[in-house]
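One structure is given below, encoded as structure tokens.
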Amino acid sequence: MGSPLRVLHAVVNMNRGGAETLIMNLYRNINREKVQFDFLTCKEGLFDEEIEALGGRIYRIPYLTEAGHFGYLQALDAFFAEHKTFKIVHSHMDKMSGFVMRAAKKSGIPVRIAHSHNTQSEGHLFIKMYKWYAGRFIRPNATHLYACSQAAAEWMFMSEAKQTFILNNGVEIDKFQYSNGKGSLLRDTFDIVDEAFVLGHVGRFHEQKNHKFIINLFHDLNKEMTNLYLIFVGDGPSRKEMERKVKELKLDKKIKFLGIRDDIPDLLQMFDLFIFPSFFEGLPVTLVEAQASGLPCIISDSITEEVDMDLGLIHRLSISDKDLWVRKVMKLKEELPSREIVKEHLVTKGYDIKHTAADLQTKYLSVGGM
């Protein structure tokens with residue numbers, strides 16, 4: 001049997017973000033005798049060791065913040081000039097993918113995939129303007145357009161959104177099947193009694209995720225409810241600020257910051273309710289995972305309706321009315337649904353990673369000429 005088709009994935013780093021989690025889910029489930037993943041990154045990531053164990057190669061270039069605009073573009077050009085043997089480059093950097101697409105095209109790489117994972121650019125006005133500029137190079141240089149949702153396609157590809165391939169953010173459904181025993185064991189680990197009501201959030205500490213809202217919500221709920229806890233899973237630039245806010249509110253015994261974890265399927269078992277008030281999202285993998293574990297979710301109404309798996313677990317509310325969230329949490333506490341879900345429902349909706357990986361493999365082999 002010949003060598004596998006090697007696909008280069010362009011990311012900033014391979015930490016546990018939504019896009020990166022999807023890539024790793026795909027990588028673990030794709031037939032690596034036919035398709036291998038390599039990575040062009042700018043920083044070390046938590047998945048690096050696993051990537052190399054699976055046979056992937058990791059290439060590193062300095063990022064924009066280190067090299068500056070021209071230095072970063074030169075690094076991209078130099079990399080692709082030296083690695084012209086790749087047939088496919090698949091970029092997951094949202095509008096910054098424009099620079100990747102342009103450099104890959106200059107070096108004659110035939111298949112150039114730009115993948116949208118969001119519905120807005122992060123950062124302040126200057127950064128958003130810079131990303132808008134970078135995004136102008138996507139459509140002239142990309143050969144294929146991918147997105148995690150129709151909303152993400154419309155944001156990044158605009159008039160070409162209808163020609164975009166929607167690659168569902170699939171998950172390993174069996175890993176998330178609810179088990180009361182796992183939840184109880186983890187509660188013991190964190191000194192939380194079984195009778196407590198636990199709110200949970202999984203996400204990077206960044207302004208986009210709206211952690212302040214969650215903390216303020218918990219502060220109000222704590223006045224109305226007893227035996228209440230909040231668990232944050234993740235890390236990021238705003239984490240220390242959120243930890244200070246929790247201490248100022250004297251809630252540090254009730255709110256726990258767990259950092260980056262590799263046991264998300266188990267952690268979801270000990271939550272009673274998932275809170276997700278993001279200002280914007282593409283289609284969060286964490287919300288698919290939460291629903292796969294039968295966990296009811298209260299989410300911002302700015303998140304695409306496509307994230308709802310029709311399991312009766314998604315409750316969309318406006319973040320302009322915190323009192324509405326307070327009432328909804330209190331109501332759901334009294335009428336929590338069974339955590340048992342029909343696995344086949346997620347499969348039918350297209351969110352079984354095995355099917356997602358098989359679809360992507362077929363596309364890669366087709367456009368890669370193998």
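Answer yes or no as to whether Leu8 is in contact (Cβ under 8 Å) with a residue 60 or more places away in the chain, in contact with a strand residue (DSSP E or B) (Cβ under 6 Å, 6 or more places away or on another chain) and either assigned to a loop (DSSP other than H, G, I, E, B) or open to solvent by less than 10 Å² (accessible area, probe 1.4 Å) (or both).
When the stated conditions are applied, Leu8 passes them.
Taking the options Ile298, Ile314, name whichever one is over 25 Å from His144 (Cα atoms), touching a residue at least 24 places away in the same chain (Cβ under 8 Å), in contact with a Phe, Trp or Tyr (Cβ under 7 Å, 6 or more places away or on another chain) and not small (Gly, Ala, Ser).
The conditions single out Ile298.
When you check Phe37 against the structure, is it modelled with pLDDT of 95 or more and either surrounded by 16 or more Cβ atoms within 10 Å (Cβ to Cβ) or small (Gly, Ala, Ser) (or both), yes or no?
Values: modelled with pLDDT of 95 or more: yes; either surrounded by 16 or more Cβ atoms within 10 Å (Cβ to Cβ) or small (Gly, Ala, Ser) (or both): yes.
Considered against the rule, which asks whether it is modelled with pLDDT of 95 or more and either surrounded by 16 or more Cβ atoms within 10 Å (Cβ to Cβ) or small (Gly, Ala, Ser) (or both), Phe37 comes out as yes.
It is to be established whether one or more residues within the stretch 16-31 are farther than 24 Å from His206 by Cβ and part of a loop (DSSP other than H, G, I, E, B).
Quick first cut of the stretch 16-31, residues farther than 24 Å from His206 by Cβ only: 27-31.
Next cut, part of a loop (DSSP other than H, G, I, E, B) only: 30-31.
Yes, the stretch 16-31 contains a residue that is farther than 24 Å from His206 by Cβ and part of a loop (DSSP other than H, G, I, E, B).
Only one of these conditions is not met by Arg327: (1) modelled with pLDDT of 95 or more; (2) within 27 Å of Glu154 (Cβ to Cβ). Which number is it?
(2)
Among the residues of the stretch 119-134, is any open to solvent by 20 Å² or more (accessible area, probe 1.4 Å) and within 22 Å of Tyr364 (Cα to Cα)?
Within the stretch 119-134, not a single residue is open to solvent by 20 Å² or more (accessible area, probe 1.4 Å) and within 22 Å of Tyr364 (Cα to Cα).
Kindly provide the set of residues from the stretch 149-166 that are open to solvent by 60 Å² or more (accessible area, probe 1.4 Å) and closer than 12 Å to Gly350 by Cβ, ordered by number.
Those that are open to solvent by 60 Å² or more (accessible area, probe 1.4 Å) and closer than 12 Å to Gly350 by Cβ: none in the stretch 149-166.
Going residue by residue through the stretch 74-93, is there one that turns out to be open to solvent by less than 40 Å² (accessible area, probe 1.4 Å), over 23 Å from Met24 (Cα atoms) and touching a Pro at 6+ places or on another chain (Cβ under 7 Å)?
Yes: the stretch 74-93 contains one or more residues that are open to solvent by less than 40 Å² (accessible area, probe 1.4 Å), over 23 Å from Met24 (Cα atoms) and touching a Pro at 6+ places or on another chain (Cβ under 7 Å).
Quick grid of which residues meet (1) closer than 26 Å to Gly17 by Cβ; (2) of a type in the set (A, V, I, L, M); (3) touching a Gly at 6+ places or on another chain (Cβ under 7 Å):
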| site | (1), (2), (3) |
| --- | --- |
| Ser302 | yes, no, no |
| Arg316 | yes, no, no |
| Trp325 | yes, no, no |
| Lys331 | no, no, no |
| Glu344 | no, no, no |
| Val347 | yes, yes, no |
| Asp352 | yes, no, yes |
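Restricting to the stretch 327-350, and then to whatever is among the hydrophobic types (A, V, I, L, M, F, W, C) and free of Cβ contacts under 8 Å to residues at least 60 places away in the same chain, can you tell me which residue is surrounded by the fewest Cβ atoms within 10 Å (Cβ to Cβ)? Reasoning before the result, please.
Initially, the stretch 327-350 is screened for residues among the hydrophobic types (A, V, I, L, M, F, W, C), giving 329-330, 332, 336, 341-342, 346-347.
Right, trim to free of Cβ contacts under 8 Å to residues at least 60 places away in the same chain and you get 332, 342.
On the way: Leu332: 17, Val342: 9.
Taking the candidates together, the pick is Val342.
Identify, please: which residue in the stretch 182-240 is among the small types (Gly, Ala, Ser) and under 24 Å from the mean Cα position of the chain (by Cα) and is, among those, modelled with the lowest pLDDT? Talk me through it step by step, then tell me what you get.
Here is the first cut: in the stretch 182-240, the ones among the small types (Gly, Ala, Ser) are 183-184, 196, 200, 203, 234, 236, 238.
Checking which are under 24 Å from the mean Cα position of the chain (by Cα) leaves us with 183, 200, 203, 234, 236, 238.
Values: Gly183: 80, Gly200: 97, Gly203: 93, Gly234: 93, Gly236: 91, Ser238: 95.
Restricting to residues being among the small types (Gly, Ala, Ser) and under 24 Å from the mean Cα position of the chain (by Cα), the top hit is Gly183.
Table: residues versus (1) hydroxyl-bearing (Ser, Thr, Tyr); (2) touching a Phe, Trp or Tyr at 6+ places or on another chain (Cβ under 8 Å); (3) open to solvent by 70 Å² or more (accessible area, probe 1.4 Å).
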| site | (1), (2), (3) |
| --- | --- |
| Asn141 | no, no, no |
| Ala147 | no, yes, no |
| Asn168 | no, yes, no |
| Glu172 | no, no, no |
| Lys182 | no, no, yes |
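Out of the residues in the stretch 255-279 that are at pLDDT below 95, of a type outside the set (A, V, I, L, M, F, W, C) and more than 20 Å from Leu332 (Cα to Cα), which is most open to solvent (accessible area, probe 1.4 Å)?
For the stretch 255-279, the residue satisfying everything is Asp262.
Condition check: at pLDDT 95 or above and either within 27 Å of Tyr351 (Cβ to Cβ) or part of a helix (DSSP H, G or I) (or both). Does Gly45 satisfy that?
Working: at pLDDT 95 or above: no; either within 27 Å of Tyr351 (Cβ to Cβ) or part of a helix (DSSP H, G or I) (or both): yes.
Spelling it out, it is not the case that Gly45 is at pLDDT 95 or above and either within 27 Å of Tyr351 (Cβ to Cβ) or part of a helix (DSSP H, G or I) (or both).
Report whether or not Ile319 is under 12 Å from Leu273 (Cα atoms), in contact with a strand residue (DSSP E or B) (Cβ under 9 Å, 6 or more places away or on another chain) and open to solvent by 10 Å² or more (accessible area, probe 1.4 Å). Give the steps one after another, and end with the answer.
Working: under 12 Å from Leu273 (Cα atoms): no; in contact with a strand residue (DSSP E or B) (Cβ under 9 Å, 6 or more places away or on another chain): yes; open to solvent by 10 Å² or more (accessible area, probe 1.4 Å): yes.
No; evaluated as a whole, the condition is false for this residue.
Would you mention how many residues in the stretch 43-73 are of a type in the set (Asp, Glu) and exposed (fewer than 15 other Cβ atoms within 10 Å of the Cβ)? Steps first, answer last, please.
Filtering the stretch 43-73 down to residues of a type in the set (Asp, Glu) leaves 44, 48-50, 52, 66.
Narrowing the set further to residues that are exposed (fewer than 15 other Cβ atoms within 10 Å of the Cβ) leaves 44, 49, 52, 66.
Number satisfying all stated conditions: 4.
Hey, can you tell me all the residues within the stretch 223-233 that are out of contact with any strand residue (DSSP E or B) (no Cβ under 6 Å at 6 or more places or on another chain) and open to solvent by less than 50 Å² (accessible area, probe 1.4 Å)? Outline the logic, then answer.
Keep residues of the stretch 223-233 that are out of contact with any strand residue (DSSP E or B) (no Cβ under 6 Å at 6 or more places or on another chain), which gives 223-227.
Across the stretch 223-233, the qualifying residue is only Met225.
Take the conditions more than 26 Å from Glu281 (Cα to Cα) and open to solvent by less than 10 Å² (accessible area, probe 1.4 Å) and apply them to Ala103. Does it pass?
Taking the combined requirement at face value, the residue satisfies it.
Between a residue in the stretch 212-236 that is more than 22 Å from Ala290 (Cα to Cα) and any residue that is open to solvent by 50 Å² or more (accessible area, probe 1.4 Å) and of a type in the set (Val, Ile, Thr), which pairs come within a Cβ distance under 8 Å, given they are 6 or more apart or on different chains?
Sorted first by the residue in the stretch 212-236, then by its partner, the pairs are Asn227/Val193.
The values are calculated or read from the model by the stated rules, or taken from the named source; none is laboratory data. Source: prediction; values computed, not measured. All Cβ positions, glycine included, derive from the backbone under ideal geometry; neighbour counts span all protein chains shown. The accessibility values were calculated without ligands, DNA or RNA, using every heavy atom of the protein model including side chains. Shrake-Rupley method; radii C 1.70, N 1.55, O 1.52, S 1.80 Å.
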